[in-house]
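Novice: Got a structure for you, written out below as structure tokens; questions coming shortly.
Nothing in this text is a laboratory measurement; each read-out follows from the coordinates by a stated rule. The structure presented is a predicted model; accordingly, all values stated were derived computationally and were not measured. Note: ideal-geometry Cβ built from the backbone for every residue, glycine included; neighbour counts use all protein chains shown.
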Amino acid sequence: MSEPALVIIKPDGISKQLVGSILTKFGHTGLEMVGIHITKTSRDIAREHYKHLGDKPFFDQIVAYLAGEYHRVHKLIAVVYYGRDAIKKCRAVAGATNPEEAAPQSVRGAYGRIRTDGLYENVVHVSSTPEEAEREIKLWFDPDELVLEFYPTKIITIQKQKKKVWA
Ligand code: ADP
């Protein structure tokens with residue numbers, strides 16, 4: 001079944017100038033890229049992104065990591081791919097969560113590392129389920145930033161300007 005998947009190139013991927021190499025690896029899936037942008041990140045949005053992991057001992061670390069505090073790069077690149085089994089295909093390109101266990105040709109296997117403080121610096125995030133993809137895509141993108149509409153939208157008026165938002 002065709003579905004969208006969110007990929008995030010985390011601040012370490014930007015800091016190491018790996019954006020082109022990473023997008024090339026995801027491009028080999030043959031999936032359609034339907035949205036891409038570079039965006040500022042912060043602890044607030046990182047906390048929201050990882051809110052389902054709030055009870056994990058490494059929660060504060062991954063929030064600081066996604067917020068760019070380890071790399072002094074307070075931005076990330078968010079990409080939406082669309083196509084058959086997009087989540088499975090993108091997760092295969094990313095590789096296992098632990099970069100030491102990831103296949104060497106995967107993004108995390110090739111470019112990831114474990115810091116001495118235990119953080120998995122694993123370069124990319126990929127949605128894990130269709131429900132997570134929906135939550136994450138709505139968090140990182142406005143409807144008009146995507147060239148396909150997968151989720152319902154509505155029009156609101158702010159200071160006499162019409163704007164499309166997630167319904
Ligand atoms: P994934 O990103 O593979 O879907 P999770 O959503 O479970 O994995 O974890 C989110 C992020 O938290 C990971 O990408 C990684 O950066 C970090 N992380 C996960 N598990 C650990 C762990 N055991 N120790 C340190 N960091 C971890």
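Novice: If I stretch the segment between residue 52 and residue 88 completely, what's the gain in nm (0.36 nm per residue apart, minus their alpha carbon distance), one decimal?
Specialist: 11.0 nm
Novice: Ordered by residue, what ³J(HN,Hα) values in Hz, to whole numbers, does region 160-166 give under the Karplus form 6.51 cos²θ - 1.76 cosθ + 1.60, where θ = phi - 60° and Gly and Pro are x?
Specialist: Whole-Hz 3J(HN,Hα) from phi for region 160-166: 6, 9, 7, 9, 8, 10, 5.
Novice: Apply the Karplus curve 6.51 cos²θ - 1.76 cosθ + 1.60, θ = phi - 60°, to the phi angles in region 138-154 and return the couplings in whole Hz, x for Gly and Pro.
Specialist: Those phi angles translate into 5, 6, 9, 10, 8, x, 6, 8, 10, 8, 10, 10, 9, 10, x, 10, 9 Hz.
Novice: Let me check against my output: what whole-number percent is the relative contact order of region 2-145, with C-alpha pairs under 8 Å and at least 6 apart?
Specialist: 35 percent
Novice: Pick from 75, 51, 154: which residue has the top mean-square fluctuation in a GNM of the chain where Cα pairs under 10 Å get a spring?
Specialist: Among 75, 51, 154, the largest mean-square fluctuation in the Gaussian network model of the chain belongs to 154.
Novice: Also: In straight Cα distance, which lysines are under 19 Å from residue 25, not counting same-chain residues fewer than 8 positions off?
Specialist: 10, 16, 88, 89
Novice: On full extension of the chain, what length is gained from residue 129 through residue 103, given 0.36 nm per residue of separation minus the C-alpha to C-alpha distance?
Specialist: Taking residue 129 through residue 103 to full extension adds about 7.3 nm, to one decimal.
Novice: Using only helices, what value at 222 nm comes out for the chain when you add -39,500 (n - 2.57) per DSSP H run of length 4 or more and divide by the total residues, to the nearest 500 deg cm²/dmol?
Specialist: Rounded to the nearest 500, it is -8500 deg cm²/dmol.
Novice: Starting from the Cα of residue 160, draw a straight line to each of the aspartates and glutamates and keep only those under 20 Å, dropping any in the same chain fewer than 8 residues away.
Specialist: Qualifying aspartates and glutamates at Cα under 20 Å: 142, 144.
Novice: Once amide H atoms are placed 1.01 Å from N in the peptide plane, what residues at a sequence separation of 5 or more from residue 128, or on another chain, have their amide H within under 5 Å of its amide H?
Specialist: Answer set, sorted by chain and number: 133.
Novice: In nm, to one decimal, how far is the residue 154 label point from the residue 19 one, both placed 7 Å along Cα→Cβ?
Specialist: According to this spin-label approximation, the distance is 3.5 nm.
Novice: What is the Cα centroid distance between region 110-127 and region 130-163, reported in whole angstrom?
Specialist: The distance from the Cα centre of region 110-127 to that of region 130-163 comes to 29 Å.
Novice: If the cut-off is a Cα-Cα distance under 23 Å, which lysines reach residue 162, setting aside same-chain residues fewer than 8 apart in sequence?
Specialist: Filter leaves 138, 154.
Novice: Under a point-charge model restricted to the Cβ atoms of Lys and Arg (+1) and Asp and Glu (-1), what is the dipole moment magnitude of region 2-145 relative to its Cα centre, in debye to the nearest 20?
Specialist: For region 2-145, the charge dipole is close to 400 debye.
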